[in-house]
Amino acid sequence: MSRGGVGACKFSMRRNSQSGFTLLEAMVALAIAALVLAALVEGVETGMRSVAIASRNIEALSHARSHLAAIGVGQPLVPGVREGDDGGGFHWRERVARRVGGDAAASLFDVVVDIEWDAWGRPGHVQLATRRLAGRDGRVR
């Protein structure tokens, strides 16, 4: 039996008439691809925003640590509130309060540092607190 018979011709015609995609199938595939791409872009954007927010939080924490380390160094601890601007949109506030009790030679102070900033329309805030022991002259020991 030869390969070019009647059955081969019918198979060949069926194959040619069903090859390729219809316009509807191509449009559905394109719509699905567009939805997947949109979801992917949104996921990347959310990830980038999260990285930027985390970076600002780390920067604010660094500012707070610097302020906390400097309180009582080179100047006596004085109860009260001080505040200012660190630049880059960061606002700081230091609060020092003498704790009740203690002996005449030393006093214990509560020290709190707040850093605030605006993070894409939402307020950001970091707070660090510690206690410092200072002599009569207010110098940290």
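Read-outs: derived from the displayed coordinates by stated rules, not from any lab. From a predicted model like this one, the values you see are computed outputs, not experimental measurements.
For this structure, a couple of remarks:
- Our estimate of slack between Ala54 and Arg131, defined as 0.36 nm per intervening residue step minus the Cα-Cα distance, is 25.0 nm.
- Across all Cα atoms of the range 43-141, the radius of gyration (one decimal) and Dmax (whole number) stand at 16.8, 61 Å.
- Alpha-carbon centroid distance for the pair the range 19-80 / the range 86-101, whole angstrom: 28
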